[in-house]
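Here is the structure we will look at, set down as structure tokens.
The values are calculated or read from the model by the stated rules, or taken from the named source; none is laboratory data. Predicted model, so just to flag it, every value in this text is computed and none were measured. When we count neighbours, we look across all protein chains shown, and the Cβ atoms used for this are built from the backbone with ideal geometry, even at glycine. Accessible surface is based on the protein model in full, side chains and every heavy atom, while ligands, DNA and RNA are left aside. Shrake-Rupley method; radii C 1.70, N 1.55, O 1.52, S 1.80 Å.
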Amino acid sequence: MPRVGKNPLRSRSAPGRNRAGAAGRRSPARLDAARQRSRAPSAPGLVLGVYTSEKDDGAAQFTSAGDAFDRLVSGKLRALLCGPPLKKGKTRIFHGLHQDFPSVVVVGLGKKNAGINEQENWNEGKENIRTAVAVGCRQIQDLEIPCVEVDPCGDAQAAAEGAVLGLHEYNELKQKKKPVVSPQLHGSAESQAWQKGVIYAEGQNLARYLMEAPANYITPIKFAEHIEQKLRTFSNVKVHIRPESWITTQEMGAFLSVAKGSAEPPIFLEIHYLGGAITNDSPLVFVGKGVTFDSGGISLKPSLGMDAMRADMGGAATVCSTIVTAAALNLPLNIIGLAPLCENMPSGKANKPGDVVRAKNGKTIQVDNTDAEGRLLLADALCYAHNFNARAIVNAATLTGAMDVALGSAATGVFTNSSWLWTHLYEASILTGDRVWRMPLFEHYTKQVTDCPLADVSNIGKYSRAGGACTAAAFLKEFVTASHWAHLDIAGVMSNKDEVPYLRKGMAGRPTRTLVEFAARLSQDSHNAK
């Protein structure tokens, strides 16, 4: 998986000031000297959490690690933190408190007993830890210290996720790179949970890496080869990179109709992870939309923001990264990943509005808008997914701008025919903080795609923009017969500006951790059933 934290955030001064060396109003020369002292590889930085005081005296409420460090420095840390309580996500930096940790960042964790917030549909305590640790690690990164030890804050997995996600930034193509910062657990009491959090976060970072990379670096074949390389060391994983000739023999006419507009040949990536105790147990099948660049085709997109369409393979990136993570975790579950990969480009061979193409199941599709291409890829891939006697089929796609309009970046929209499947996805998202929200699959929307003058279905609803995410889901439903199927429209969560504080600006890789947690819960169900 890609190394984390290669491109440090621009230096910011911490809001706190103290006589022991906090980076408040210090002169540049003195600050540089402090930084030079803290750069020794043998002296890591330290991030400690502190809870919002629930008492009137304002005394700092440390975590267990914070209390231990305060005793180590004879109460100096508590004395320096007297005064107004440190608010959630805010930091204070101290230098010279202890020779083993020349620079210490104390960060606010919010309320000590924060748990599941039913209004927000997530575990607030876990989110507070992820955010606080990410902020603290970035402060250490600003000081150019190559290693940071992290307080587990009572939940080492969440702390690890905050550290690894918070330090990640894509800068593969820049000549000038700042030092990598390596986060490590402070202490050893929760090492297993910490490592699990690292694996979860690195999985999401892999998806972020693939989505952020330029489209000329991540072409269909290069995407497939990158995933193959990540899975090469696992003996229970088989990767099949299917060429255009194979796609043709499978009669995937909808997929091929999109791919033919580009000079880049299409690829159908098929991954088999055999983690179950019985290799022929019904697998969980993930399907991901893999448009490595989407110009819109003949229905050309506006030029403003079109560069972001390098991430239109976010569905494929998240589901493939989920399988890489499942393999790293050695989940006892069989998983199959399917990713139709191609570009959607305008050319003399491209689909034209009004063309009719035939999908793998024989249904004809009228292509009324060539920018609604993702559902054409998925139609054929979903048909193929039914070959595997799947326990459940889950597809993910940056499918519609309408999904972004409906939910923004707050949650992934989920359309499903299975309450059992929805419950597992929803409960997984509460733990990860990467939320999902159920959307309707009414017959009302089906009628809008099946009322078509030239073919069995149209690739857009007859009322055009009205309920666009819902009509797209209704279209996909026409290619599904499985009783447990879910479509995740991830267009709204594709990128991050400042909404998720432990992710930097850029492609988000969401909802990889939720899919991993969902698979882990499913594997646990299988184990309990036996």
### Message
If I fit a long axis through the Cα atoms of helix 468-477 and take the longest principal axis of the Cα atoms of the chain, what angle between them do I get, 0 to 90°, rounded to 10?
### Response
60
### Summary
With a ≥ b ≥ c from the Cα gyration tensor eigenvalues, square-rooted, and the rule rounded for a/c under 1.5, otherwise prolate when a/b > b/c and oblate otherwise, the stretch 413-517 is oblate
### Query
Tell me, what is the FRET efficiency for D100 and S282 to the nearest 0.05, using R0 = 51 angstrom and their Cβ-Cβ distance as r?
0.45
### Message
Tell me the volume per residue, in Å³, of the convex hull enclosing the alpha carbons of the stretch 213-529.
### Response
122
### Query
Where both partners of a DSSP beta bridge lie in the stretch 213-529, what percent of those bridges are antiparallel, to the nearest 5?
50
### Message
How large a share of the accessible area of the stretch 198-347, in percent, is made up of carbon and sulfur atoms when the probe is 1.4 Å and the other protein chains stay in place?
### Response
54
### Query
To the nearest 10 degrees, how steeply does helix 156-167 sit against the main Cα axis of the chain, on a 0 to 90 scale?
80
### Message
Can you give the FRET efficiency to the nearest 0.05 for D498 and K176, using r as the Cβ-Cβ distance and R₀ = 25 Å?
### Response
0.50
### For the stretch 104-109, 3J(HN,Hα) per residue [Karplus equation, 6.51 cos²θ - 1.76 cosθ + 1.60, θ = phi - 60°, Hz, x = Gly/Pro]
10, 10, 9, 10, x, 9
### Share of alpha-carbon pairs per 10 Å distance bin for the stretch 45-189, given as whole %
12, 42, 33, 11, 2, 0
### Query
How large is the charge dipole for the stretch 213-529, taken about the Cα centre, if only the Cβ atoms of Lys, Arg (+1) and Asp, Glu (-1) carry charge, to the nearest 20 debye?
180
### Query
Once amide H atoms are placed 1.01 Å from N in the peptide plane, what residues at a sequence separation of 5 or more from K301, or on another chain, have their amide H within under 5 Å of its amide H?
G296
#### Entry: Whole-Hz ³J(HN,Hα) from phi, Karplus 6.51 cos²θ - 1.76 cosθ + 1.60, for the stretch 431-448, glycine and proline x
6, 7, x, 9, 6, 10, 9, 7, 10, x, 10, 5, 4, 3, 7, 4, 4, 6
### Query
So how strong a dipole does the stretch 169-225 carry about its Cα centre when Lys and Arg Cβ are +1 and Asp and Glu Cβ are -1, to the nearest 20 debye?
240
### Task
Quick one: pull the percent of accessible area on the stretch 107-165 belonging to carbon and sulfur, 1.4 Å probe, ligands and nucleic acids left out.
40
#### Entry: Among 140-151, 59-70, the order from most to least packed when residues are scored by Cβ within 10 Å on average
140-151, 59-70
### Query
Once you sort the root eigenvalues of the Cα gyration tensor of the stretch 94-148 as a ≥ b ≥ c, which label holds: rounded (a/c under 1.5), prolate (a/b larger than b/c) or oblate (the other case)?
prolate
### Message
Taking 30 Å as R0, compute the FRET efficiency from the Cβ-Cβ separation of S235 and Q195 and round it to 0.05.
### Response
0.90
### Query
Counting Lys and Arg as +1 and Asp and Glu as -1, each charge on the Cβ, what is the dipole of the chain about the Cα centre in debye, to the nearest 20?
1800
### Query
How many percent of DSSP beta bridges within the chain run antiparallel, rounded to 5?
50
### Residues with amide H under 5 Å from that of T63, placed H, sequence gap 5 or more
G49, Y51
### Label assignment, Rg and Dmax of the Cα atoms in Å derived from the structure, set [x] 24.6, 81; [y] 22.6, 72; [z] 24.2, 73
[x]
### Task
Mind checking the per residue accessible area of the chain for me, 1.4 Å probe, whole number of Å²?
41
#### Entry: Mean Cβ neighbour count within 10 Å, used as a protection proxy, ranking 270-280, 385-395 highest first
385-395, 270-280
### Task
Please determine, in degrees from 0 to 90 and to the nearest 10, the orientation of helix 28-37 with respect to the longest principal axis defined by the Cα atoms of the chain, where the helix direction is its Cα long axis.
80
### Linear extension gain, S483 paired with E228, 0.36 nm per residue minus alpha-carbon span
88.7 nm
## Note on the structure
Taking Lys and Arg as +1 and Asp and Glu as -1, residues besides M306 with C-beta under 12 Å from its C-beta add up to -2
